Amino acid sequence: MADGTSDTKSSNQMWGGRFASGPDAIMEEINASIGFDKKLFAQDIRGSIAHATMLAHQGIIAEEDKTKIVEGLQAIQQEIESGNFEFSRRLEDIHMNVEARLATLIGPSAGRLHTARSRNDQVALDFRLWVKEELEKTEKALTALIAAFLDRAEEHADTVMPGFTHLQTAQPVTFGHHCMAYVEMFGRDRQRVRHAIEHLDESPIGAAALAGTGFPIDRHMTAKALGFREPTRNSIDTVSDRDFALEFLAIAAIAATHLSRLAEEIVIWSTPQFGFIRLSDAFSTGSSIMPQKKNPDAAELVRAKTGRINGSLIALLTVMKGLPLAYSKDMQEDKEQVFDAAESLELAIAAMTGMVRDMTIRTDRMKAAAGSGYSTATDLADWLVREAGLPFRDAHHVTGRAVALAESKGCELAQLSLEELQAIHPAVTAKIFDVLTVEASVASRVSYGGTAPDQVRRQIAWWRQQT
């Protein structure tokens, strides 16, 4: 290996198959982002048009150049949308691809577009615009899901079902009340989305590489043109900030967790052992070997998407955790995580909205299960406190003895005789049987936010006003 020939050959062999041409091929592969950031073409062109318009307004470029630039960018957008644009990996990213094509179309005037900006603030703008638009789509999707639950809750405000803690029968509730629990969850998700839009509603363009620019630009003009509330206030933070992406992923992860909890209940409720709901063939599949099977695959896949979305959040948090100010190339790894999570969340919400509207509620099975497991035991204890004046702990003890007796006899609490109950405590009267039905139990829960049908309807009415 005295000369360089064998060294070069050996080196190329070490790079191996795909990278046989050596370090340049690897650098192109690791550096290029056009494979995924071409998704930002509309935002990139929109930002460039606003920037060029501002530059001309401020006298930084000629009006003639601005006109050529805007017309060229509009032509490029049409090319991309029609599928006639050829993206080049050699040009690395969407920004350079658009700029190179613009130069081909309009000549030297294209070179004036990049005055007073950097790819650092340009990518921050494109990505922020994309995330803002995605959040707005998510808000609409969550509103549709909430509306689906409100319709089912209204339909089943009186439908009794077992309420669970630890997945054990606890107390009777209504299915409408259970639906409204998910309305609250997804309502919080929607509120988080609205807050995130407010947080990111600042325009990055004009921060340039990290220090701003000496050109007399008008950042308030571009902010307004792009639909932002105002420009960002610190150029260093502007190009290094990806909080908006992290916040989107955090919101997506929480919403996906709520969707996954719902998916789990749909999976459980659709089993023959529960039989609370039926899903149509639109959201189920059969088994390749067992003809009797009907699998809730849509719900299971929604449940699985949560892991994928959570992974995206952790990935970007890990990318950002050690970066010094201002911009670092590491931040190129932000977009794929957000794009993937957004696609997964959009699909999961749409699928769940469809399932909520599609599923058949088996009210007979819900009602039969609502009284199982001595679910009205708390009503017996409450009656002893309210009518007999017992301290709650004493009433709890008496009720426990009644449950033990019913278990030994293999019957429900309401099937115990008055004499048997009075033998446990003499204060019991025949009126006790008025509270031991599941309907009476549900109707008695009249506290604000409770499961009584009238309370459920009040919750529904309040939420109708919020959507």
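General remarks:
- Leu301 fulfils the conditions (1) of a type outside the set (Ser, Thr, Tyr); (2) over 22 Å from the mean Cα position of the chain (by Cα); (3) not in a loop (DSSP other than H, G, I, E, B) except for a single criterion, (2).
- Any hit, the stretch 66-88, residues being surrounded by 14 or more Cβ atoms within 10 Å (Cβ to Cβ), closer than 18 Å to Pro231 by Cα, under 31 Å from the mean Cα position of the chain (by Cα) and not hydroxyl-bearing (Ser, Thr, Tyr): no
- Some residue of the stretch 203-220 being more than 23 Å from the chain's Cα centre (by Cα), closer than 24 Å to Ile61 by Cβ and part of a helix (DSSP H, G or I): yes
- Residue within the stretch 138-148 that is touching a helix residue (DSSP H, G or I) at 6+ places or on another chain (Cβ under 9 Å), within 22 Å of Leu345 (Cα to Cα) and of a type in the set (D, E, K, R) present: yes
- Residue count for the stretch 393-441 under the criterion of being among the small types (Gly, Ala, Ser), surrounded by 15 or more Cβ atoms within 10 Å (Cβ to Cβ) and not in a helix (DSSP H, G or I): the result is 1.
- Members of the stretch 212-259 found to be of a type in the set (Asp, Glu), under 30 Å from Ala348 (Cβ atoms) and open to solvent by 30 Å² or more (accessible area, probe 1.4 Å), listed by number: Asp243, Glu247
- Exactly one residue out of Met359, Met320 is at pLDDT 90 or above, surrounded by 15 or more Cβ atoms within 10 Å (Cβ to Cβ), assigned by the TED database to the domain that holds Ala124 and out of contact with any strand residue (DSSP E or B) (no Cβ under 6 Å at 6 or more places or on another chain), and it is Met320.
- For Gln171, the requirement of being open to solvent by 10 Å² or more (accessible area, probe 1.4 Å), of a type outside the set (Phe, Trp, Tyr) and modelled with pLDDT under 95 is met.
- Within the stretch 103-118, being open to solvent by less than 50 Å² (accessible area, probe 1.4 Å) and either in contact (Cβ under 8 Å) with a residue 40 or more places away in the chain or under 19 Å from Val239 (Cα atoms) (or both) holds for Ser109, Ala110, Leu113, Thr115, Ala116, Arg117, Ser118.
- Test for Gly275: is it in a loop (DSSP other than H, G, I, E, B) and open to solvent by less than 10 Å² (accessible area, probe 1.4 Å): yes
- Any pair with Cβ under 6 angstrom, 6 or more apart, that starts in the stretch 412-439 at a residue that is within 22 Å of Asp158 (Cβ to Cβ) and ends at one that is open to solvent by 40 Å² or more (accessible area, probe 1.4 Å) and among the small types (Gly, Ala, Ser): Leu436/Ala414
- Residue in the stretch 386-403 that is at pLDDT below 85 and in contact with a His (Cβ under 8 Å, 6 or more places away or on another chain) present: yes
- Filter pass, Leu384 being outside the structural domain of Arg303 (by the TED database) and assigned to a helix (DSSP H, G or I): yes
- Pair list, Cβ < 9 Å and 6+ apart or interchain, from the stretch 146-174 residues that are assigned to a strand (DSSP E or B) to residues that are among the acidic types (Asp, Glu): Val160/Glu439; Gln171/Asp379; Pro172/Asp379; Pro172/Glu439; Thr174/Asp158
The values are calculated or read from the model by the stated rules, or taken from the named source; none is laboratory data. Quantities reported herein were computed from a predicted structural model and do not represent experimental measurements. Cβ: placed from backbone, ideal geometry, glycine included. Neighbour counts: every protein chain shown. For accessibility, only protein heavy atoms count, side chains too; no ligands or nucleic acids. Shrake-Rupley method; radii C 1.70, N 1.55, O 1.52, S 1.80 Å.
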